[in-house]
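One structure is given below, encoded as structure tokens.
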Amino acid sequence: MLWRHSYALVDGSERDVIVVPNPHSVGDLDNDGTVEITLSLFNRPVKDLKWHATAYHGSDGTVAMDIPDRFIYGIQDADGDSVKELFTMEALGTTPPLFGKLEVLNWSVATGVRNRLTVDRGAYVRSTIGPDTSWNTIAANGDVTILLSDLDGDGIKEFLTVEDTDNELRRDKLRCWKVSVAGIVDRQL
């Protein structure tokens, strides 16, 4: 065994930490030639009762990235530049909100966090990765990730968001976002 992290219960009465993997949690996050393990962690790596978008160095288990108050809904190289995008939502409580502040981020050891898109009061349209994959998990919704596909056949991937524009916790607006190295733009549905 190279390394391990133990997330034991503090007093046995309540969960001390929540670990949420993603179908693309293991891989080279920033195209630097090293593997990272990227997870949404509640109450870790520090005990602060917050969600953290966290990446561990695969070689030794040390923390490579820690973004507090973020929950990861997807990890994919959306624009083909070999640096993966993190599809995150601001999460200020124990449970990520139904609608929240969405951020699409890039991260690397060299540059830190770069925000590529922010959407207020939104949610990602997600999909299961399907049974024909090598991904296997026992985590609830562990096979669900961002729906990212070339929806219009032009060779450029898009993803969808829904928004709650009137604060009534309903999906009022559907948006399609085109992802390229140059940026992320609204396709204006």
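Every number here is computed from the coordinates shown, using simple stated rules; none is lab data. Not measured: the values here are computed from a predicted model. So basically every Cβ, Gly included, is an ideal-geometry build from the backbone, and we count neighbours across all protein chains shown.
Output the peptides 167-174, 66-73 sorted from most to least packed, where packing is the average of other Cβ atoms within 10 Å over each peptide's residues.
Numbers: 167-174: 11.2, 66-73: 19.8.
Put in order of decreasing packing, that is 66-73, 167-174.
For the range 77-83, what does the Karplus curve 6.51 cos²θ - 1.76 cosθ + 1.60, with θ = phi - 60°, yield as ³J(HN,Hα) per residue in whole Hz, taken in order and with x for Gly and Pro?
7, 6, 10, x, 9, 6, 10
Convert each backbone phi in the range 174-187 into a coupling constant with the Karplus relation 6.51 cos²θ - 1.76 cosθ + 1.60 (shift: θ = phi - 60°), then list the ³J(HN,Hα) values in order as whole Hz, x for Gly and Pro.
Once θ is set to phi - 60°, the couplings for the range 174-187 become 9, 10, 10, 10, 8, 10, 9, 4, 5, x, 10, 10, 6, 7 Hz.
Quote the relative contact order of the chain in percent (integer), defining contacts as alpha-carbon pairs under 8 Å separated by 6+ residues.
Numbers: 438 pairs, mean separation 26.8, N = 189.
Taking the mean separation of contacting Cα pairs over the length of the chain, I get 14 percent.
Project the alpha carbons of the range 23-84 onto their principal axes and report the range along each, largest first, in whole Å.
The Cα atoms of the range 23-84 stretch 35, 25, 16 Å along their principal axes.
Using θ = phi - 60° and the Karplus relation 6.51 cos²θ - 1.76 cosθ + 1.60, list the HN-Hα couplings for the range 65-73 in order, rounded to whole Hz, with x at every Gly or Pro.
9, 8, 10, x, 6, 10, 10, 8, 9
Whole number please: convex hull volume per residue, Cα atoms of the chain, in Å³. The partial results should precede the final answer.
On the way: hull volume 26.6 nm³, N = 189.
Convex hull of Cα atoms, per residue: 141 Å³.
I want to check the label-to-label distance for residue 48 and residue 186. Put each point 7 Å from Cα in the C-beta direction and report it in nm to one decimal.
Modelled inter-label distance: 3.2 nm.
Bin width 5 Å, origin at 0, all Cα-Cα pairs of the range 43-113: what percent of pairs per bin?
4, 16, 24, 24, 20, 9, 3, 0
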